[in-house]
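Report on the structure given below.
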Amino acid sequence: MTSILPEKKQSNFPQKFALSIFFPVLLLWIPTGETGVFEFINDEDEVDIITHPTGYNGAGGELVVTVAIEPLSLHADEMEIPVKNAINTWNQLIPTTGNIQIDDNIVPFRMFDFESVALHELGHCIGLAHPNLATESGLDGENKNYTSAISGANNAFDLDRGVDGVIGSGDDVRGDDINLHWFNKENNNPFLLAEVVDQTTYSLSLDDLPSGHRFAANGDRLVSLLLGFENTEAVMQQGITSGEARRTLVADDVATLRLAMSGLDRLEGTLDDYTLTLQYVGRTDDADIVLNFDNKAAFAACRITGTFLNDKHVAIQQGNISFNTGFAWFFNPVLTPPAPEQPVVSVLVNDQDQSIELQSGDRLTLKVGLNPGMKSGSQTDYWVRAMTPVGEFWLDSRLQFIRSDTPVRAHGGPMIALAGFSILDSTTAGLPAGTYTVTFAVDDNRDQVFDETYQQSVSFTILPR
Amino acid sequence: MKAFVWFQICICVLLALFFIQSLQAFQGNAASNPEDLLVSYTEKNKLVQPSGQDIKISVYRDGYVLIVLPEAMRGGGLYHTVLEQEKLDALWTLLTDNEILAFDAQAVREMIKKERRLMKESRAVVTSVSDKTEIIIEIYPNRYSSQELEGLADEDHDVIRHIVWTGLRWDAEQYPHIESIRLLSEIQRELLSIFDRDDLQPIAP
């Protein structure tokens, strides 16, 4: 049989690739990230305070914080599932993008999503504050979306959105405002998570900003758009619209908590580090955090008490989350299954995960999927291999299949969620008859060695004419 | 029979007069003169987007109260009622207390900050509240009674006391010993209690 696929780097197989945005996103995925702001900061000499959840005393280990619903609270029955979902979300600490959902089938347009608000308030009750200026600044409208800061010597917030015109981005001109937002020194990107999160990789000092940046960027949805992520906003960013759900965390939310988890020395991997587990304990007022529709808040609020462990660290004692009954609340009735411990990989041919037969000239599509589960954000190698009648091909970093008898990595970077991502949309015309097996694999490390730790394959057969 | 018919007619006329008067009472007040505004209370809910989701309560000299409930809230819209004289008097007493008229937000904030610093230094329990609401109270201290208005120049009539505070409910709970905060909280309670009145009527759009 005449070889149709020449033995050279360029091959026929990938030439009709639809360039997916999957790999460009990965290519832009520089392994750095951004963290946020902590509660209890009121003064210039408190800007670098870190607040810890209930029970932390400086010793490392697992910190269990109990969460309950006030037994006599209005809506107590309906609150249970969304509260459990919010608890699981914080426990899993999975950074996501695309977490803003505006869909009448998810949250009716004129209602406020209780789960999203509970997730935000729980964040406060474990020590996180707003990454934006928010209500505590006294500002109105869009000015609340500038990055959290204390006004400097001029006693006023200096607000200039900079050349890019986006409030909260890295080129904002803030005069003598004192930054409160921990940012990654390498990148100043709130939507990317660093491998190590502690004071060696994050800073409050504007002197540590990457070149060209003027202020810490925050997790606002317009900042995310500027940085290439649609429909994404930090859960701790203040401000929610009716009909909107924001039920998963972004990198900024995760990194803020992980910075706290690095302990009093603010170094990850030392003895004072802790992990946090929120535990739902039912309907009781005897818990570390209690949720209640008691109308103490105008909408929703978390009130925490705490004590200073030293000048720079506060430990929460007790948290109470209040909700106002004056709004139409939507209670998610569906318990979200926990994220898988191990990544789940998928690959489909013409939307099928089983072997199929194709004629010459038939449409041929390949899609990959990845649920990173608890390994979201972990550094990994991505591989796509095609075993064909004329040899082995690998997808390279230029998104082309190349003929190679040794593995060629498609990309190295953090594990992210992919849902039905197209890597080929073409026809079988020009491809030799025979059986093809396509494997999509991710590893549990990033060392450019093909481990195919988590992999899935699908086959298709092109029938002879 | 004739007497009974006349009786019915009289009852109908009386009822009609009653309803017309009530309607006129509200209609007359619905066009209340802004110069008769005594106090306006605004609760700015900045957590909810889009911005502008504020509760507003305006109380006038004749006791007329106009309430704006934001669309984001259940039953959003306009409402009104009329306060009894004694209620209005009680409210006015609170509003014109010296602690209120002389309220210095910056000084109170400094006081709270100092207290907090002491608590921090002594490792006492400190409190933090997220997502607090801002309230704005505007009082016209020279507008209440006719006697107060007589002899006042126009500019004195319009003297306004403007108070802004964030997290009042929580601060009142935590700092009950700060008299001005306590009084502000009482004013807030009095104004918000108007929502519980049976005679609170929606205003048709």
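The values are calculated or read from the model by the stated rules, or taken from the named source; none is laboratory data. Just so it is clear, the model here is predicted, and its values are computed rather than measured. Positions of Cβ are backbone-derived with ideal geometry, glycine not excepted, and every protein chain shown enters the neighbour counts.
Listed values, structure above:
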item: Residues satisfying the stated conditions in the range B:101-145, i.e. buried (at least 18 other Cβ atoms within 10 Å of the Cβ), within 7 Å of chain A (Cβ to nearest Cβ) and among the hydrophobic types (A, V, I, L, M, F, W, C); result: B:Val126, B:Val129
item: Listing of strands (runs of 3 or more DSSP E) fully contained in the range B:25-144 that carry 1 or more residues being over 14 Å from the mean Cα position of the chain (by Cα) and more than 21 Å from B:Arg197 (Cβ to Cβ); result: B:126-129, B:134-139
item: All positions within the range A:54-80 that are out of contact with any Asp or Glu (no Cβ under 8 Å at 6 or more places or on another chain) and not charged (D, E, K, R); result: A:Tyr56, A:Asn57, A:Gly61, A:Leu63, A:Val64, A:Leu72, A:Leu74, A:His75, A:Met79
item: Hits in the range B:80-100 - residues which are in contact with a strand residue (DSSP E or B) (Cβ under 8 Å, 6 or more places away or on another chain) and either within 14 Å of another protein chain (Cβ to nearest Cβ) or over 20 Å from B:Pro141 (Cβ atoms) (or both); result: B:His80, B:Thr81, B:Val82
item: In the range A:413-436, the residues that are of a type in the set (Val, Ile, Thr) and surrounded by 17 or more Cβ atoms within 10 Å (Cβ to Cβ); result: A:Ile416, A:Ile423, A:Thr428
item: Residue ID - modelled with the lowest pLDDT, chosen from residues in the range A:101-116 that are surrounded by fewer than 22 Cβ atoms within 10 Å (Cβ to Cβ) and either within 12 Å of chain B (Cβ to nearest Cβ) or closer than 20 Å to B:Gln53 by Cα (or both); result: A:Arg110
item: Which listed residue is among the acidic types (Asp, Glu) and under 23 Å from the mean Cα position of the chain (by Cα), from A:Glu341, A:Glu392, A:Glu357; result: A:Glu341
item: Some residue of the range B:169-179 being away from chain A (no Cβ under 14 Å) and among the aliphatic types (A, V, I, L, M); result: yes
item: Selection from the range A:307-326 of residues that are buried (at least 24 other Cβ atoms within 10 Å of the Cβ) and facing chain B (nearest Cβ under 7 Å); result: none
item: Selection count where residues are at negative phi, more than 21 Å from the chain's Cα centre (by Cα) and in a loop (DSSP other than H, G, I, E, B), scope the range A:168-179; result: 5
item: One residue from A:Gly162, A:Gly123, A:Gly98 being in a helix (DSSP H, G or I), within 23 Å of A:Leu192 (Cα to Cα) and either small (Gly, Ala, Ser) or not assigned by TED's automatic domain parsing to the domain that holds A:Gln237 (or both); result: A:Gly123
item: Test: A:Glu195 is more than 16 Å from the chain's Cα centre (by Cα), surrounded by fewer than 24 Cβ atoms within 10 Å (Cβ to Cβ) and either outside any loop (DSSP other than H, G, I, E, B) or charged (D, E, K, R) (or both); result: no
item: Only one of A:Ala245, A:Ala234 that is at pLDDT 95 or above, in contact with an Asp or Glu (Cβ under 8 Å, 6 or more places away or on another chain) and in a strand (DSSP E or B); result: A:Ala245
item: Tally, over the range A:43-97, of residues that are under 15 Å from A:Gly127 (Cβ atoms) and free of Cβ contacts under 8 Å to residues at least 24 places away in the same chain; result: 1
item: Selection from the range A:81-95 of residues that are assigned to a helix (DSSP H, G or I) and touching a Gly at 6+ places or on another chain (Cβ under 8 Å); result: A:Trp90
item: Filter result for the condition that a residue is on the phi > 0 side of the Ramachandran plot, within 14 Å of chain A (Cβ to nearest Cβ) and at pLDDT 90 or above, over B:Gly52, B:Gly63, B:Gly77; result: B:Gly77
item: Residue among A:Leu139, A:Leu133, A:Leu119 that alone is buried (at least 24 other Cβ atoms within 10 Å of the Cβ) and either charged (D, E, K, R) or within 12 Å of another protein chain (Cβ to nearest Cβ) (or both); result: A:Leu133
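Residue-by-condition table, conditions (1) under 14 Å from A:Leu122 (Cα atoms); (2) of a type in the set (A, V, I, L, M, F, W, C):
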| residue | (1), (2) |
| --- | --- |
| A:Leu271 | no, yes |
| A:Leu276 | yes, yes |
| A:Asp285 | no, no |
| A:Phe293 | no, yes |
| A:Ala297 | no, yes |
| A:Ile304 | yes, yes |
| A:Leu309 | no, yes |
